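S.K.: Structure provided below as structure tokens; questions to follow.
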Amino acid sequence: MIPSADAAITRDDKALILAYDHGLEHGPVDFEDVPESTDPETVFDIATHDAVTALAVQKGIAEGYYPSYEDDVELLLKLNGTSNLWMGEPNSAVNCSVDYAAELGAKAIGFTVYGGSNHEIEMVEEFREAQEAAREHDMSVVMWSYPRGQGLKNDTSAGTIAYASRLGLELGADITKVKYPGSAEAMQWACESAAGSKVVMSGGSKTSDRDFLSTVETAMRAGASGLAVGRNVFQRENPTELLDALEAVIFEEKTADEALGL
Amino acid sequence: MIPSADAAITRDDKALILAYDHGLEHGPVDFEDVPESTDPETVFDIATHDAVTALAVQKGIAEGYYPSYEDDVELLLKLNGTSNLWMGEPNSAVNCSVDYAAELGAKAIGFTVYGGSNHEIEMVEEFREAQEAAREHDMSVVMWSYPRGQGLKNDTSAGTIAYASRLGLELGADITKVKYPGSAEAMQWACESAAGSKVVMSGGSKTSDRDFLSTVETAMRAGASGLAVGRNVFQRENPTELLDALEAVIFEEKTADEALGL
Amino acid sequence: MIPSADAAITRDDKALILAYDHGLEHGPVDFEDVPESTDPETVFDIATHDAVTALAVQKGIAEGYYPSYEDDVELLLKLNGTSNLWMGEPNSAVNCSVDYAAELGAKAIGFTVYGGSNHEIEMVEEFREAQEAAREHDMSVVMWSYPRGQGLKNDTSAGTIAYASRLGLELGADITKVKYPGSAEAMQWACESAAGSKVVMSGGSKTSDRDFLSTVETAMRAGASGLAVGRNVFQRENPTELLDALEAVIFEEKTADEALGL
Amino acid sequence: MIPSADAAITRDDKALILAYDHGLEHGPVDFEDVPESTDPETVFDIATHDAVTALAVQKGIAEGYYPSYEDDVELLLKLNGTSNLWMGEPNSAVNCSVDYAAELGAKAIGFTVYGGSNHEIEMVEEFREAQEAAREHDMSVVMWSYPRGQGLKNDTSAGTIAYASRLGLELGADITKVKYPGSAEAMQWACESAAGSKVVMSGGSKTSDRDFLSTVETAMRAGASGLAVGRNVFQRENPTELLDALEAVIFEEKTADEALGL
Amino acid sequence: MIPSADAAITRDDKALILAYDHGLEHGPVDFEDVPESTDPETVFDIATHDAVTALAVQKGIAEGYYPSYEDDVELLLKLNGTSNLWMGEPNSAVNCSVDYAAELGAKAIGFTVYGGSNHEIEMVEEFREAQEAAREHDMSVVMWSYPRGQGLKNDTSAGTIAYASRLGLELGADITKVKYPGSAEAMQWACESAAGSKVVMSGGSKTSDRDFLSTVETAMRAGASGLAVGRNVFQRENPTELLDALEAVIFEEKTADEALGL
């Protein structure tokens, strides 16, 4: 973690990362409920919302769509990923180099590390190369830190999530994305373990507006620096409304109820 | 996908790729019915037909035969492949570098990715290198996207083929070659999932003129950008006739019946 | 071993290395008893104590905190490590390059080698690269030499620890960190086996002041050149007191009792 | 295949390659019947015969003996090989680089590919590097194409040998060495499958003069471009005699009987 | 093999290599009988004896001790090795690069190859890189050729040792170190198989003066070019005496009895 290395993708030291890598990780099935979300333009338009500090996509989508949005969206290039056609021990293919990400205009890189997987060693070494190359380009580094694998029973326990955010710090991430560990106390432990590097909560699968915003509110009060969210935004009929509310909770320290006007 | 990066191997944004990598993938047995197809000259001659926007071959055949056809044929160099002497979990050897493909005069590279195979990670990483090197040479990128492997039961289901074409988009292909998923609806889903990148239908094993052209017609109306075909052309006694008909269906929006003069 | 290559991290040819890589190796659980030890600042402050000749941390912590302590602390960058979320045959991911360690201001590198593991070959080859790169930067080389793995029954026997320190010498470490083998005789064998290169005792898990200092005293008299210690310092309420005592035992040849004022 | 890239090791488009890699592949036991064949000088002397268009040896023998024969022998450096002390799934170590082969004066490289082996992928990728490096040095490329491995029942069937020679063509060899598939028809199929690239018959284990020359005659009439032979020459008391006869059959289109003066 | 490439570590084309890599290969236990042999200085002093044409050590010992002996000892840097803490299929970690060996003043490199091991392919490819790099530095190349592994029943049979020395020749070693195969005839076969490259006998575990010298005498008469010896020298109370005798047998063609003054 280098203090303020993440300035390009944060606002007042907070981050709202819109993630749109589901076409690779889950397949087109994730777009079925809101078919227009199949089209990256829909999501790039959403990402122009003031609340969004960065949009995370894979290489091919950045190639095709980012040129039209360079002035309005900050690009976070997700460097690795895997289809869920494959069922083996968690691993992720590095499908974009840092140099090419920089060429595409990215201000930050995103990288998944599955701590505890039999591929942890390999993934951490790939992360090293990406992280150090990002430093040369003055790009910030975001780790998707998801402990997972054969030996791991509970991947959202308090200890696991605190370990996940600590891995981000120790290995050199500026921002670490972790799953919500289920309580304010556990989230606080995770944030403290990151010791000055930022922790953002993973949005997860779609829930109701109120439930989602309440969890975000809890995470923020527990020390989180924001949110990385995909389905909870683009699977909604009216993403703008939710982004307005998220902006209130994340950047203006409103409660979920205030943000929803309740 | 970079818009119009595929200009050299398309015509009016449509593609008819003649594929001739069967000597490597299936062995000389594929040439037995029409023995003259053993000789690459026969196929290069076919490729001079106006309908053909590119010819896909392996390195050795490009070395030996392309110099005589540079003015009449666009070369798509297929960079990887495997003999079917080997029966293991799907994988493909990278047998030509992008630099050498460029030296041979190729305007595009072709690359197989077996999503879902235990070798998916490795193949996607090899694709990354090829894709980024192709960008440096301003060559277009065609992915043979064939989900296949241990954990995959049905490799031509609608969901699998839509996933296949999405993989092409996300990973940076300009054109993705997929198998025909069996219906117009499924093909449409695959084309929409590619979101602006092109999808071409794989020709598959030889069928009757009418059946073949009807399928191509369906695929085109469902949003496909063309066809990559081998055996259905070079295993015919009169390939020119079929190419005339394919030209009508693909580039002139004729029906299969119109194209056949029925 | 290059004589005096370790000058930057020793004093009168003695070393007291404060190790703080537990967040990666064990997770935040190691900080629970003394919560402020979660914060690297606490440990960097401790490392400003005169007795400490170097502080060993991972890349991310060096990035975030070393810039404020460059004048008061010598940085030993630990180049590899593994989370204990993973349970496989001992191995360690190289998560920082030597070039980047140098850029961060490190005067020495730290590297774990698990002799006897099925990954010994791979780790020794990674160590080679790190060791030779360190020589180019005139950084000193510290090996965490921990024989461990499938075939190894007793990893602190006299023979194993003597082998561990010999591995450090043979492979090119200036200082080798080994576990305490349980007796003065065994420690002496380990130190003689290092034949002129330095051996430092690993601090291990927390014990009482007197027990700990007595072991350190025994090790020093047996020929050790100092100590690499983490939990026995930062898990204490008053680390300064213990560091004062360690300074007396290590650098002033006091007994444990004298050092404790008993 | 690049037309005439093999000019340095052919004569009138025919090749007689003397192969002497048995010390590596089979061990000194192959030299027992004719002990003087243990000494590379004996074989280099044989290779000065006009009929021999190239001598294939491994690196170490080229280093030691080629300097004295540069004017009289064309060097084909065999780049990979394996001892038969090892019994695993067919594979071959690359024991010489193309750059070094060039430095030693080689005009061509030789490379074994075991199609169908579990190591096919790896070997084809190693071949790619060697083949492209050879092109940079204007050296010709000879493939020892030996389908072999777990899944392969009959490695000299007509289909397998035709596939073997096609692999040579597709992957970029100028000359492909295959086993004799047992009949003129099968050999013809193999030669046609090579489509303009050259096929040479592998000499195999020692047989009588007449049997051997008859097979060579059959192969030549079936379209082969020559022979790669070792034991059938150097295990003979009078290799010159046989080479005279081979010259007649290969380069002067004589029958075996004519060549033997029968 | 390049004729006379080994001049720096031979005398009248004979070699007596003192090997001292036991600390890595066997551990400090090898030094227990003669404790002063733990200290590399003891062995460097022995190596100043006129009979010794080179001293073989690992990187770390060369770093620490060779600077004081550069004028009196020729350095043969052993580039790979493994601890015997590890029990797997024979393999050896490359723990020193050739460039670094050259920097340390080495005139020759030493490299173990376990022919027949499941790691033969990997080791031979690592040897290739080392051998070719050594050629660039004009360093001579010594192979420790020890067939060993799962499929090998008798690793000192006549055929195995002849194969071992042939591997040295074929792969490019100037000198090949092999185990004594038990008889003069077998040793002669091994030396002839090396065809002009040198074969040195491995000293093995400690035996009586007379037995040892007799074996050396037999080996020399059978065509060996000398000896590589460790324990039979440094585990003796008076190594000088034995070296005097070895000098007589190896360089002055004395019998064992003459050398011992019997």
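S.K.: Conditions: (1) under 19 Å from B:Gly203 (Cα atoms); (2) in contact with a helix residue (DSSP H, G or I) (Cβ under 6 Å, 6 or more places away or on another chain). B:Trp144 meets all but one. Number of the miss?
M.R.: All conditions pass for B:Trp144, except number (2).
S.K.: Right, something else. Just checking, which of E:Ala184, E:Ala158, E:Ala224, E:Ala162 is under 16 Å from the mean Cα position of the chain (by Cα) and on the phi < 0 side of the Ramachandran plot?
M.R.: It is E:Ala224.
Conditions (1) within 23 Å of B:Ala130 (Cα to Cα); (2) among the aliphatic types (A, V, I, L, M), marked per residue:
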position	(1), (2)
A:Glu70	no, no
A:Gly81	yes, no
A:Glu89	no, no
A:Asp99	yes, no
A:Gly105	yes, no
A:Val113	no, yes
A:Ser117	no, no
A:Glu120	no, no
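S.K.: How many residues does region C:105-123 hold that are surrounded by fewer than 24 Cβ atoms within 10 Å (Cβ to Cβ) and either free of Cβ contacts under 8 Å to residues at least 12 places away in the same chain or within 11 Å of chain E (Cβ to nearest Cβ) (or both)?
M.R.: Residues flagged as surrounded by fewer than 24 Cβ atoms within 10 Å (Cβ to Cβ) and either free of Cβ contacts under 8 Å to residues at least 12 places away in the same chain or within 11 Å of chain E (Cβ to nearest Cβ) (or both) within region C:105-123 amount to 5.
S.K.: In region B:84-116, which residues are in a strand (DSSP E or B) and either more than 23 Å from D:Pro147 (Cβ to Cβ) or modelled with pLDDT under 95 (or both)?
M.R.: Hits for region B:84-116 are B:Ala108, B:Ile109, B:Gly110, B:Phe111, B:Val113.
S.K.: From (1) within 22 Å of B:Ile161 (Cα to Cα); (2) among the aliphatic types (A, V, I, L, M); (3) in contact with a Lys or Arg (Cβ under 7 Å, 6 or more places away or on another chain), pick out the condition that doesn't hold for A:Ile9.
M.R.: (1)
S.K.: Kindly evaluate E:Ile161 against the criterion of being in contact with an Asp or Glu (Cβ under 6 Å, 6 or more places away or on another chain) and buried (at least 24 other Cβ atoms within 10 Å of the Cβ).
M.R.: no
S.K.: Okay, next question. Collect the residues in region C:75-90 that are surrounded by fewer than 20 Cβ atoms within 10 Å (Cβ to Cβ) and not hydrophobic (A, V, I, L, M, F, W, C), keeping them in residue-number order.
M.R.: If the condition is that a residue be surrounded by fewer than 20 Cβ atoms within 10 Å (Cβ to Cβ) and not hydrophobic (A, V, I, L, M, F, W, C), then C:Asn84, C:Gly88, C:Glu89 are the ones that fit.
S.K.: Can you confirm whether B:Gly60 is at pLDDT 95 or above and at positive phi?
M.R.: No: the conditions fail for B:Gly60.
S.K.: Only one of A:Gly204, A:Gly182, A:Gly196 is surrounded by fewer than 24 Cβ atoms within 10 Å (Cβ to Cβ), within 10 Å of chain C (Cβ to nearest Cβ) and either out of contact with any strand residue (DSSP E or B) (no Cβ under 7 Å at 6 or more places or on another chain) or among the hydrophobic types (A, V, I, L, M, F, W, C) (or both). Can you tell me which?
M.R.: A:Gly196
S.K.: Identify the single condition in (1) within 28 Å of A:Tyr65 (Cβ to Cβ); (2) out of contact with any Lys or Arg (no Cβ under 6 Å at 6 or more places or on another chain) that B:Ser202 does not satisfy, given that it satisfies every other one.
M.R.: Here B:Ser202 clears every test but (2).
S.K.: Pull up region B:49-83, narrow it to residues that are under 17 Å from the mean Cα position of the chain (by Cα), assigned to a loop (DSSP other than H, G, I, E, B) and of a type in the set (S, T, N, Q), then point me to the one that is farthest from the other protein chains (Cβ to nearest Cβ).
M.R.: B:Thr53
S.K.: Among the residues of region C:153-171, which ones are of a type outside the set (Val, Ile, Thr) and either more than 7 Å from chain E (Cβ to nearest Cβ) or in contact (Cβ under 8 Å) with a residue 40 or more places away in the chain (or both)?
M.R.: Hits for region C:153-171 are C:Lys153, C:Asn154, C:Asp155, C:Ser157, C:Ala158, C:Tyr163, C:Ala164, C:Ser165, C:Leu167, C:Gly168, C:Leu169, C:Leu171.
S.K.: Further question: Could you grab me the full set of residues in region E:188-204 that are of a type in the set (S, T, N, Q) and within 26 Å of D:Glu36 (Cβ to Cβ)?
M.R.: E:Gln188, E:Ser193, E:Ser197
S.K.: Among the residues of region B:94-103, how many are in contact with a Leu (Cβ under 9 Å, 6 or more places away or on another chain) and either surrounded by fewer than 20 Cβ atoms within 10 Å (Cβ to Cβ) or at the interface with chain D (Cβ under 8 Å from one of its Cβ atoms) (or both)?
M.R.: 6
S.K.: Looking at the structure I just gave you, is A:Ala15 closer than 22 Å to A:Glu253 by Cα, in contact with a Ser or Thr (Cβ under 6 Å, 6 or more places away or on another chain) and not polar (S, T, N, Q)?
M.R.: Against the criterion (closer than 22 Å to A:Glu253 by Cα, in contact with a Ser or Thr (Cβ under 6 Å, 6 or more places away or on another chain) and not polar (S, T, N, Q)), A:Ala15 qualifies.
For (1) within 25 Å of C:Ser37 (Cβ to Cβ); (2) basic (Lys, Arg); (3) not in a helix (DSSP H, G or I), each residue gets a yes or a no:
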site	(1), (2), (3)
C:Lys177	yes, yes, yes
C:Lys206	yes, yes, yes
C:Ser214	yes, no, no
C:Ala228	yes, no, yes
C:Leu243	yes, no, no
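S.K.: For region D:50-58, state whether one or more residues are free of Cβ contacts under 8 Å to residues at least 60 places away in the same chain and more than 17 Å from D:Gly226 (Cα to Cα).
M.R.: Looking through region D:50-58, at least one residue is free of Cβ contacts under 8 Å to residues at least 60 places away in the same chain and more than 17 Å from D:Gly226 (Cα to Cα).
S.K.: Checking E:Ala195 against (1) part of a helix (DSSP H, G or I); (2) within 25 Å of D:Leu77 (Cα to Cα); (3) touching a Ser or Thr at 6+ places or on another chain (Cβ under 8 Å); (4) not aromatic (Phe, Trp, Tyr), which test does it fail?
M.R.: (1)
S.K.: Which one of the conditions (1) within 11 Å of chain C (Cβ to nearest Cβ); (2) more than 17 Å from A:Leu76 (Cβ to Cβ); (3) surrounded by fewer than 19 Cβ atoms within 10 Å (Cβ to Cβ); (4) of a type outside the set (D, E, K, R) does A:Ala133 fail to meet, given that it meets all the rest?
M.R.: Of everything listed in (1) within 11 Å of chain C (Cβ to nearest Cβ); (2) more than 17 Å from A:Leu76 (Cβ to Cβ); (3) surrounded by fewer than 19 Cβ atoms within 10 Å (Cβ to Cβ); (4) of a type outside the set (D, E, K, R), A:Ala133 misses just condition (2).
S.K.: So, C:Ala190, is that one free of Cβ contacts under 8 Å to residues at least 60 places away in the same chain and either closer than 23 Å to E:Ile61 by Cβ or out of contact with any Ser or Thr (no Cβ under 7 Å at 6 or more places or on another chain) (or both) or not?
M.R.: Answer is yes for this residue.
S.K.: Considering only residues that are outside any helix (DSSP H, G or I) and of a type in the set (Ser, Thr, Tyr), look in region B:2-48 and name the one that is farthest from the other protein chains (Cβ to nearest Cβ).
M.R.: The residue in question is B:Thr48.
The values are calculated or read from the model by the stated rules, or taken from the named source; none is laboratory data. Every value quoted in this text rests on a predicted model; they were computed, and no experiment measured them. FYI the Cβ positions are ideal-geometry reconstructions off the backbone, even for glycines, and counts take in every protein chain you see.
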